[in-house]
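Following: one structure in structure tokens, then a few remarks.
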Amino acid sequence: MSHEAGGLSPALSSVLERFLSGEVTALARAISIVEDERDGFEDLLHRVLTVGPSTCRVGFTGPPGAGKSTLVAGAAASYREHDERIGVIAVDPTSPYSGGALLGDRIRMNDLTTDPGIFIRSMATRGSLGGLATTTKEVLDLMDAFGFDRVLVETVGVGQTELAITAAADTVIVVLVPESGDAIQAMKAGLMEIADIFVVNKADRPGADRLAKQIRQALHLKAGHALKDIPAHHGVDLSNALRKERTTDAEAVEQGGWSIPVLSTVAHSGEGLPKLLEAVEAHRAWLQASGQLEACRRARARNRVQDVVEREMRRVARRSEFATELLESALDDIAERVETPYSVARRILDGLLR
């Protein structure tokens with residue numbers, strides 16, 4: 001990687017110049033360069049990140065069919081009413097046949113595509129774990145530097161590996177529906193650990209109130225609140241527990257200084273959307289007042305450096321003739337138990353690091 005002033009190729013320099021002048025076509029081009037990891041993409045990112053502001057990043061995650069795209073579209077439209085410029089990244093599972101995005105969020109967000117103040121990009125995970133495409137975080141950086149007021153990221157979260165959104169967004173909204181099962185399953189999937197805001201969408205369907213109550217109960221148990229005021233033996237007072245049973249959908253459960261709201265929405269009609277956006281603003285204010293926003297950004301920077309170092313080390317190892325020759329020559333020794341994969345890997349690393 002070369003980060004000198006003149007390190008960019010003429011083609012990348014042209015993209016950078018148009019990007020910095022605010023051309024949307026240059027943003028789209030830069031994203032493609034980063035997605036494909038073309039030669040010089042890290043130099044381009046280096047130049048972009050030295051001048052970019054820090055936008056508000058909001059992540060929407062949850063199982064397929066939860067209505068995340070409709071919520072994102074509604075949020076984007078609402079923000080546009082306040083003249084905010086919005087970037088949207090929709091990360092979809094990759095089709096095993098075409099390699100393209102499987103769900104096609106841009107089709108579902110057609111109403112937004114004619115608005116010049118909204119930029120939408122679909123990305124395929126291409127087999128990457130964590131619910132995000134490998135380069136999603138870099139694409140987020142590009143949108144950040146482009147000057148959007150907010151960037152909304154939609155990803156599918158269905159299991160313990162689909163939690164990378166926490167490293168990419170400032171506020172994480174977990175969207176569930178009555179059909180997605182009870183809150184205990186969400187807890188098993190790890191979604192309880194990452195949510196800043198819970199949303200029970202399609203709340204006009206049977207079971208929505210029950211799911212919201214289960215989520216709140218699970219949050220109270222996780223926070224150690226559920227049995228806080230109940231004596232250990234005789235004279236058990238259940239009033240506190242029963243009071244929690246009768247909470248409203250918007251009641252919040254405090255964890256780590258932030259009270260996690262459990263909200264109900266009907267995305268296709270917009271019901272509950274204003275309360276959701278209010279919760280996003282409240283979480284943003286809490287992040288700033290508590291110092292957590294800066295802490296999150298520092299952690300994000302640390303993780304990014306580690307990611308880039310690991311990626312570069314993999315590239316160096318794959319391109320090294322020394323590493324390739326040593327590996328091939330050691331395969332027989334591994335088969336005969338003279339060497340092991342660990343001893344060969346150590347010899348390769350020692351040679352590369354020298």
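The values are calculated or read from the model by the stated rules, or taken from the named source; none is laboratory data. Model, not experiment: these values are computed from the prediction. Glycine also receives a Cβ, built like all others from the backbone with ideal geometry; neighbour counts cover every protein chain displayed.
Please enumerate the residues belonging to region 322-351 that are surrounded by 14 or more Cβ atoms within 10 Å (Cβ to Cβ) and part of a helix (DSSP H, G or I).
Result: 323, 326, 327, 330, 334, 344, 345, 347, 348.
Restricting attention to region 285-300, report how many residues are of a type outside the set (Ser, Thr, Tyr) and either part of a loop (DSSP other than H, G, I, E, B) or touching a Gly at 6+ places or on another chain (Cβ under 7 Å) (or both).
If we filter region 285-300 for residues that are of a type outside the set (Ser, Thr, Tyr), which is where we start, we get 285-289, 291-300.
With the extra rule that they be either part of a loop (DSSP other than H, G, I, E, B) or touching a Gly at 6+ places or on another chain (Cβ under 7 Å) (or both), the set shrinks to 291.
Number satisfying all stated conditions: 1.
Answer yes if at least one residue in region 99-114 is at pLDDT 80 or above, assigned to a strand (DSSP E or B) and of a type in the set (A, V, I, L, M), and no otherwise.
No, there is no match, as no residue in region 99-114 is at pLDDT 80 or above, assigned to a strand (DSSP E or B) and of a type in the set (A, V, I, L, M).
So which residues in region 41-90 are crowded, with 24+ Cβ neighbours inside 10 Å and of a type in the set (Ser, Thr, Tyr), if there are any at all?
Listed by number, the list holds a single entry, 61.
Here is a list of conditions, (1) assigned to a helix (DSSP H, G or I); (2) out of contact with any helix residue (DSSP H, G or I) (no Cβ under 9 Å at 6 or more places or on another chain); (3) loosely packed, with under 11 Cβ neighbours inside 10 Å; (4) among the basic types (Lys, Arg), and residue 318 meets all of them except one; can you say which number that is?
(2)
Taking the stated definitions as given, is residue 298 farther than 30 Å from residue 71 by Cβ, among the basic types (Lys, Arg) and free of Cβ contacts under 8 Å to residues at least 24 places away in the same chain?
no
Only one residue in 43, 83 is assigned to a loop (DSSP other than H, G, I, E, B) and of a type in the set (D, E, K, R), so which one is that? Can you show your working first?
Details: 43 fails: assigned to a loop (DSSP other than H, G, I, E, B).
83 is the lone residue from the list that is assigned to a loop (DSSP other than H, G, I, E, B) and of a type in the set (D, E, K, R).
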